[in-house]
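Colleague: Pasting in a structure now, in structure tokens, and then I'll have a few things to ask.
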Amino acid sequence: QVQLLESGGGSVQAGGSLRLSCAASGIIFSRVPMGWYRQAPGKQREQVALISSGSVPVYANSVKGRFTISRDNAKNTVSLQMNSLKPEDTAVYYCYTYYLGSNYWGQGTQVTVSS
């Protein structure tokens, strides 16, 4: 059973930083891509960052230069360091993986950025 458990969300003022973490289980972690999506109220869920099994990152244009995704294959965790946060980054952030032909998301963690 694939499980993705996020932590680290919260509230911060614009310009601040937050770090999200996701602990994965039920998968061969080192062999799968991991990532983060987000969904703001009234908007579709969008990809924020992905990291391949070989640790190659890909970022949405809106977060390039501000967010950094990383993975620790020894601990089965993926993290998202978010700096220079903006009010438009406010959303529920979801951990993501693609495993054996299916997409999986965690339950989500709220990030709120106030101006």
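Colleague: Going by what's in this entry, would Val111 be described as under 21 Å from Gln1 (Cβ atoms), among the hydrophobic types (A, V, I, L, M, F, W, C) and outside any loop (DSSP other than H, G, I, E, B)?
Modeller: Working: under 21 Å from Gln1 (Cβ atoms): no; among the hydrophobic types (A, V, I, L, M, F, W, C): yes; outside any loop (DSSP other than H, G, I, E, B): yes.
Against the criterion (under 21 Å from Gln1 (Cβ atoms), among the hydrophobic types (A, V, I, L, M, F, W, C) and outside any loop (DSSP other than H, G, I, E, B)), Val111 does not qualify.
Residues checked against (1) open to solvent by less than 30 Å² (accessible area, probe 1.4 Å); (2) over 20 Å from Leu85 (Cα atoms):
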{"position": "Leu4", "(1), (2)": "yes, yes"}
{"position": "Gly10", "(1), (2)": "yes, no"}
{"position": "Ala14", "(1), (2)": "no, no"}
{"position": "Phe29", "(1), (2)": "yes, yes"}
{"position": "Val32", "(1), (2)": "yes, yes"}
{"position": "Val56", "(1), (2)": "no, yes"}
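Colleague: Would a scan of the range 59-71 turn up a residue that is exposed (fewer than 12 other Cβ atoms within 10 Å of the Cβ) and under 14 Å from the mean Cα position of the chain (by Cα)? Steps first, answer last, please.
Modeller: We begin by selecting, within the range 59-71, every residue exposed (fewer than 12 other Cβ atoms within 10 Å of the Cβ); these are 61, 64-65.
If we keep only those that are under 14 Å from the mean Cα position of the chain (by Cα) as well, we get 64.
Scanning the range 59-71, I find at least one residue that is exposed (fewer than 12 other Cβ atoms within 10 Å of the Cβ) and under 14 Å from the mean Cα position of the chain (by Cα), so the answer is yes.
Colleague: Please determine, by comparing only the residues of the range 17-27 that are of a type in the set (Gly, Ala, Ser) and touching a Ser or Thr at 6+ places or on another chain (Cβ under 8 Å), which one is least open to solvent (accessible area, probe 1.4 Å). Spell out how you get there, then give the answer.
Modeller: Just the residues of the range 17-27 that are of a type in the set (Gly, Ala, Ser), to begin with: 17, 21, 23-26.
From the residues that got through so far, the ones that are touching a Ser or Thr at 6+ places or on another chain (Cβ under 8 Å) too are 17, 21, 23-24.
Details: Ser17: 61, Ser21: 39, Ala23: 47, Ala24: 12 Å².
So the residue we want is Ala24.
Colleague: Taking Tyr37 as the residue in question, decide whether it is buried (at least 16 other Cβ atoms within 10 Å of the Cβ), without any contact (Cβ under 8 Å) to a residue 24 or more places away in the chain and closer than 16 Å to Tyr94 by Cα. Walk me through how you get there before you give the answer.
Modeller: Numbers: buried (at least 16 other Cβ atoms within 10 Å of the Cβ): yes; without any contact (Cβ under 8 Å) to a residue 24 or more places away in the chain: no; closer than 16 Å to Tyr94 by Cα: yes.
In short, no.
Colleague: Identify the residue in the range 89-109 that is open to solvent by 60 Å² or more (accessible area, probe 1.4 Å) and touching a residue at least 24 places away in the same chain (Cβ under 8 Å) and, among all such residues, is nearest to Trp36 (Cα to Cα). Explain how you work it out, then say what you get.
Modeller: Residues of the range 89-109 open to solvent by 60 Å² or more (accessible area, probe 1.4 Å): 98, 100, 103-105, 107.
If we keep only those that are touching a residue at least 24 places away in the same chain (Cβ under 8 Å) too, we end up with 98, 104-105, 107.
Values: Tyr98: 12, Tyr104: 11, Trp105: 9, Gln107: 12 Å.
Applying the filter and picking the extreme gives Trp105.
Colleague: Hey, Gly42 hits all of (1) without any contact (Cβ under 8 Å) to a residue 12 or more places away in the chain; (2) under 13 Å from Val78 (Cα atoms) but one; which does it fall short on?
Modeller: Of (1) without any contact (Cβ under 8 Å) to a residue 12 or more places away in the chain; (2) under 13 Å from Val78 (Cα atoms), only one is false for Gly42: (2).
The values are calculated or read from the model by the stated rules, or taken from the named source; none is laboratory data. Every value quoted in this text rests on a predicted model; they were computed, and no experiment measured them. In this analysis, Cβ positions are derived from the backbone assuming ideal geometry, glycine residues included, and neighbour counts consider all displayed protein chains. Side chains included, ligands, DNA and RNA excluded: accessible areas come from the protein's heavy atoms. Shrake-Rupley method; radii C 1.70, N 1.55, O 1.52, S 1.80 Å.
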